Amino acid sequence: MNSVSHGVAAQPALSTMNGSFAANLLGASPAMQEVHRLIERVGPTDASVILTGESGSGKELAAQSIHERSLRRAGPFIVVSCGAIPAGVIEAELFGSEKGSLNGAARVRAGAFERARGGTLFLDEVTELPQDMQVRLLRVLETQKFYRVGATTSFTADVRLIASTNRCPLQAVQSGRLREDLLYRLAVFPVAMPPLRSRGDDVELLAAYFLAALNEQAQTQKRFSPLARAMLRQHTWPGNVRELKNCIERAFILGDGVLEVTPLIPGDGTRGDDPAADGERLNIRVGSRIHDMERSLIEATLDYFKGNKRRAADALGCSLKTLYNKLNGYSQSQECANS
């Protein structure tokens with residue numbers, strides 16, 4: 001799987017600002033300079049890395065940067081989105097499967113550990129792995145051996161492992177979402193990705209890059225209005241670099257010569273319209289059933305984020321898969337009530 005870059009120098013003067021990082025992790029803020037320093041140090045080693053930070057903050061880009069600075073850079077960079085794979089097939093996705101082992105499979109299937117041989121395996125949102133798979137993963141890290149589903153012969157795990165999470169790892173351990181022994185196997189070298197709101201002028205550098213790339217692609221010369229530049233500085237960017245990129249693309253599509261920028265996620269820099277402030281809209285009172293309270297909270301959060309399920313899941317502290325399962329359950333309950 002290829003990673004999509006979130007930032008490149010938007011003008012020649014920036015090309016040497018971060019050295020080799022200008023190709024994919026633009027940032028001159030102290031927070032990003034520290035990230036660059038850590039990546040430069042850990043890249044050439046084979047140490048396991050855990051990347052922490054909010055969704056959209058560039059964890060996959062950082063993982064790919066580590067891979068590109070490693071002795072394994074000629075090998076593959078394989079990404080597994082742990083929260084997006086159904087529990088019933090995650091073992092086969094990671095370790096592969098033999099012919100006939102899963103629902104009469106017609107052929108042998110290589111898993112992520114095999115496909116990443118000689119390169120890097122990036123486990124995105126590792127805290128979403130089921131507990132039994134965390135045990136299997138820990139075993140692989142300890143023995144450097146794994147088995148395909150249905151196999152009796154082991155394979156050598158010749159990969160460099162990088163993991164990420166948008167949760168606090170220690171809180172994930174305390175809540176039972178992450179095994180403590182697995183955390184300490186993964187966290188040989190932790191790297192924290194800063195949220196965009198803490199990166200100062202990096203917002204304008206990234207916005208300039210995104211706009212320059214769109215102008216080059218469309219052969220146009222669109223530019224930001226003074227009001228748009230003020231909004232870029234003021235907005236808190238809860239969706240981080242991903243939100244900024246999508247915001248600039250939307251403004252580019254809607255604008256002509258001079259672009260106005262409207263945040264995709266409400267926010268005015270003071271965080272005064274935090275989702276918690278909308279709690280008054282929840283239909284919750286003493287004596288409410290927990291199921292009803294949970295449903296009210298989910299529906300209010302979805303309403304706040306204008307139906308954006310990924311942002312709602314992040315705010316609720318659950319995986320996108322969990323949110324979809326909850327919503328499907330509500331839908332089925334309603335159908336039963338109406339039948």
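Being part of a helix (DSSP H, G or I) and at pLDDT 75 or above is the filter here, so list the residues in the range 295-310 that pass it.
Arg295, Ser296, Leu297, Ile298, Glu299, Ala300, Thr301, Leu302, Asp303, Lys309, Arg310
Filter the range 133-144 for residues that are of a type in the set (D, E, K, R) and more than 14 Å from Glu93 (Cα to Cα) and give the result. Before the answer, list the steps.
Here is the first cut: in the range 133-144, the residues of a type in the set (D, E, K, R) are 136, 139, 142.
Result: Arg139, Glu142.
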Val108 over 23 Å from His67 (Cα atoms) and touching a Leu at 6+ places or on another chain (Cβ under 7 Å):
no
Among the residues of the range 17-45, count how many are modelled with pLDDT of 95 or more and not in a helix (DSSP H, G or I).
3
Please find, within the range 108-162, the residue that is surrounded by the fewest Cβ atoms within 10 Å (Cβ to Cβ) out of those that are part of a strand (DSSP E or B), at pLDDT 95 or above and of a type in the set (Val, Ile, Thr).
Thr120
Output yes when any residue across the range 164-187 is without any contact (Cβ under 8 Å) to a residue 60 or more places away in the chain and farther than 30 Å from Leu141 by Cα, and no when none is.
no
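May I ask you to list the residues in the range 163-182 that are in a strand (DSSP E or B) and among the polar types (S, T, N, Q)?
Ser164, Thr165
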Out of curiosity, is Ser70 in contact (Cβ under 8 Å) with a residue 40 or more places away in the chain, assigned to a loop (DSSP other than H, G, I, E, B) and among the polar types (S, T, N, Q)?
yes
Residue satisfying all of: in the range 309-320; surrounded by 17 or more Cβ atoms within 10 Å (Cβ to Cβ) and touching a residue at least 24 places away in the same chain (Cβ under 8 Å); nearest to Pro263 (Cα to Cα) among these
Arg311
All positions within the range 62-80 that are buried (at least 23 other Cβ atoms within 10 Å of the Cβ) and touching a His at 6+ places or on another chain (Cβ under 7 Å):
Phe77
State whether the residues of the range 81-104 include one that is at pLDDT 90 or above and of a type in the set (Val, Ile, Thr).
yes
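Can you tell me how many residues in the range 81-99 are surrounded by fewer than 15 Cβ atoms within 10 Å (Cβ to Cβ), closer than 15 Å to Tyr147 by Cβ and either outside the structural domain of Ser154 (by TED's automatic domain parsing) or among the aliphatic types (A, V, I, L, M) (or both)?
Number of matching residues: 0.
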Would you point out which residue out of Val89, Val173, Val159, Val80 is among the β-branched types (Val, Ile, Thr), in contact with a helix residue (DSSP H, G or I) (Cβ under 7 Å, 6 or more places away or on another chain) and farther than 20 Å from Ala62 by Cα?
Val173
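The values are calculated or read from the model by the stated rules, or taken from the named source; none is laboratory data. This structure is a prediction, so every number in the text was calculated from the model and none was measured. Positions of Cβ are backbone-derived with ideal geometry, glycine not excepted, and every protein chain shown enters the neighbour counts.
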